[in-house]
Amino acid sequence: MAMSSSPCLFSPIKLRELTISNRVFMSPMCQYSAVDGLANDWHLVHLGTRAVGGAGLVMTEASAVSPEGRISLGDTGIWNEAQADAWQHVTQFIKNHGSVAAIQIAHAGRKAATDLPWRGGRPLSDAQDGWQPVAPSAIAFDDGYRVPEVLSVAELARIESAFAEAAARAARAGFDVVEIHMAHGYLLHEFLSPLSNRRTDAYGGSLEGRMRFPVAVARAVRAAWPEHLPLFVRISATDWVPGAWDLPDAIRLARELKAVGVDLVDCSSGGSSASAKVPAAPGYQVPFAATLRSEAGLATGAVGLITSARQAEDILAQSQADAILIGRELLRNPYWPLTAARELGAAIDWPPQYLRAKI
Ligand SMILES: Cc1cc2nc3c(=O)[nH]c(=O)nc-3n(C[C@H](O)[C@H](O)[C@H](O)COP(=O)(O)O)c2cc1C
């Protein structure tokens, strides 16, 4: 039923000098469909359709900052100029349709070098063109994964620069938001979590030590990214493993991220342990967005099993988050924002080509 007051989900949000027309953000989702890290027609149609569908912001999949930082050989990248040129076609289309183009930049760490999910997703052998993953410590993610090579301090500096250069390239490619992937058990989360970081140097040990590298990366990206544009970070708010990385640690991290100029924390969870028990249920990660918003005093995004317009609206109306990231529901229905707006009684611009379908 239509509501009389104007819904939060379709109110604009301003971060730095960027105004995003509504608060439905497309969550980053790997497509495993690139060759040499280059976005192609699949990415244009996949991302472009969600812009046509009315999402205020459309985010690319995790795009690697270096070739060895790829999860699979099908990952997109942003480590060279040819990739930036390929993305430009996509960002232009997204922006021409009234949406904001965002890119998630990532390094897979010890979870790199795996096969495509629909081919089993297992670690690649040498014969399958697998490569040696790197990580804070020599601890494999799970059975069958390679033991990662421990990163030296000099290599950390190179990866930090790779993130910063990726952000600068993303700006040239026309993106208006960069999100650093610090979640799901990939490289930066591996530094944060005691499950994967057993270093005895300045980059391990205490919470402060484990946060040092991820926060340095955020600082470097902020310096390379245009001042007037917002920077997001996706974190895992908990490892879902007793005694490991947890919400109080995430609050400390979010405060540090805010201090280095991060504008929004996108609140996910898990990914660092193959045996974690994740209590997935509708909206199960929303309390993380609410807590980080109030405890760290920065904007947050809520994500995870948010599938209905009413559910998304209530999260915003109750000030639990500033934006809603939608993943799989947007794969099922690219036009979800248009139908959600109708359900909530919000005015939203339909693509003129589709106006005859508007009721
Ligand atoms: C096919 C697929 C690929 C994904 N790839 C990424 C990714 O590249 N980066 C990321 O942070 N999360 C990734 N995720 C997680 C989603 O962004 C999202 O957080 C998760 O699916 C929960 O939200 P949902 O219930 O709305 O799908 C992926 C999820 C799916 C289903």
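The values are calculated or read from the model by the stated rules, or taken from the named source; none is laboratory data. Note that the structure is a prediction, hence the values are computed from the model and not measured. Here the Cβ is made from the backbone with ideal geometry for all residues, glycine too, and neighbour counts use every protein chain on show. Accessible surface is based on the protein model in full, side chains and every heavy atom, while ligands, DNA and RNA are left aside. Shrake-Rupley method; radii C 1.70, N 1.55, O 1.52, S 1.80 Å.
So what's the net charge close to residue 151: Lys and Arg +1, Asp and Glu -1, counting the other residues with Cβ under 12 Å from its Cβ?
Every neighbour counted, the sum reads -3.
Taking the Cβ of residue 37 as the centre, find all other residues whose Cβ is under 9 Å away and add up their charges (Lys, Arg: +1; Asp, Glu: -1).
Around residue 37, the charge tally is -1.
Any chance you could check the Cα centroid distance between segment 2-56 and segment 88-127 for me, in angstrom?
Here the answer is 16 Å between Cα centres.
Could you tally the net charge around residue 28, taking each other residue with its Cβ under 11 Å from the Cβ of residue 28, Lys/Arg +1 and Asp/Glu -1?
Values: positive: 234; negative: 61, 179, 266.
Surrounding charge for residue 28 is -2.
Rounded, prolate or oblate: which one fits segment 134-272, using the alpha carbon gyration tensor with axes a ≥ b ≥ c (rounded when a/c is under 1.5, else prolate when a/b beats b/c, else oblate)?
Because a/c hits 1.5 or more and a/b exceeds b/c, segment 134-272 counts as prolate.
Placing +1 on the Cβ of each Lys and Arg and -1 on the Cβ of each Asp and Glu in segment 8-347, which of 220, 175, 250 has its Cα farthest towards the positive end of the resulting dipole?
Of the listed residues, the answer is 250.
Ignoring everything but the protein chains, give the 1.4 Å probe accessible area of residue 258 in square angstrom, nearest 10.
Only protein atoms counted, so the area is about 100 Å².
Using the Karplus curve 6.51 cos²θ - 1.76 cosθ + 1.60 with θ = phi - 60°, work out ³J(HN,Hα) for each residue of segment 8-19 in order, rounded to whole Hz, and write x for Gly and Pro.
Once θ is set to phi - 60°, the couplings for segment 8-19 become 5, 4, 10, 8, x, 10, 10, 10, 6, 9, 9, 9 Hz.
State in Å² the accessible area per residue of the chain; use a 1.4 Å probe, count heavy atoms of protein chains only, and round to the nearest integer.
Per-residue value: 39 Å².
Enumerate the helices in the chain for which the Kyte-Doolittle hydropathy averages 1.6 or more and the C-alpha atoms extend at least 24 Å along the helix's axis, using complete DSSP H runs.
TM-like helix candidates: nothing returned.
In debye, nearest 20: dipole of the chain around its Cα centre with unit charges on the Cβ of K, R (+) and D, E (-)?
About 640 debye.
For residue 179, enumerate residues with amide H under 5 Å from its amide H, sequence gap 5+ or separate chain, H modeled in the peptide plane.
Amide H neighbours of residue 179: 103, 104, 105, 232.
First compute the accessible area of the chain with a 1.4 Å probe, then give the percent of it belonging to carbon and sulfur atoms.
53 percent
Please identify every one of the GluC sites (Glu not before Pro) in segment 207-283 that sits in a loop by DSSP and has no more than 13 other beta carbons within 10 Å of its own beta carbon.
Answer in residue order: 227.
Along the charge dipole of segment 8-347, which of 294, 205, 124 sits closest to the positive end, that is, farthest toward it, with unit charges on the beta carbon of Lys, Arg, Asp and Glu (+1, +1, -1, -1)?
Selected residue: 294.
Karplus couplings for segment 271-278 from phi (6.51 cos²θ - 1.76 cosθ + 1.60, θ = phi - 60°), rounded to Hz, Gly and Pro as x?
x, 8, 9, 5, 9, 5, 9, 9
Projecting each Cα onto the charge dipole of the chain (Lys/Arg +1, Asp/Glu -1 at the beta carbon, about the Cα centre), which of 238, 52, 71 comes out farthest on the positive side?
Comparing the listed Cα positions along the dipole, 52 ranks first.
Measuring from a point 7 Å past the Cα of residue 274 along Cα-to-C-beta, which residues in segment 118-139 have an amide N at less than 12 Å?
Hits in segment 118-139 for residue 274 at 12 Å: 121-124.
When DSSP beta bridges are limited to those with both residues in the chain, what percentage is antiparallel, rounded to the nearest 5?
Restricted to the chain, the bridges split so that about 10 percent are antiparallel.
Shape verdict for segment 190-338, please, from the Cα gyration tensor: rounded (a/c under 1.5), prolate (a/b greater than b/c) or oblate.
oblate
List, in order, the whole-Hz ³J(HN,Hα) value for each residue of segment 134-146 obtained from phi through the Karplus relation with A = 6.51, B = -1.76, C = 1.60 and θ = phi - 60°; use x for Gly and Pro.
Residue by residue, segment 134-146 yields 10, 6, x, 9, 7, 10, 5, 5, 6, 4, x, 7, 5 Hz.
Using only helices, what value at 222 nm comes out for the chain when you add -39,500 (n - 2.57) per DSSP H run of length 4 or more and divide by the total residues, to the nearest 500 deg cm²/dmol?
-10500 deg cm²/dmol
How long are the three semi-axes of the equivalent ellipsoid of segment 8-347, in whole Å, if each is the root of 5 times an eigenvalue of the C-alpha gyration tensor, listed from largest down?
After scaling each eigenvalue by five and taking roots: 29, 23, 19 Å.
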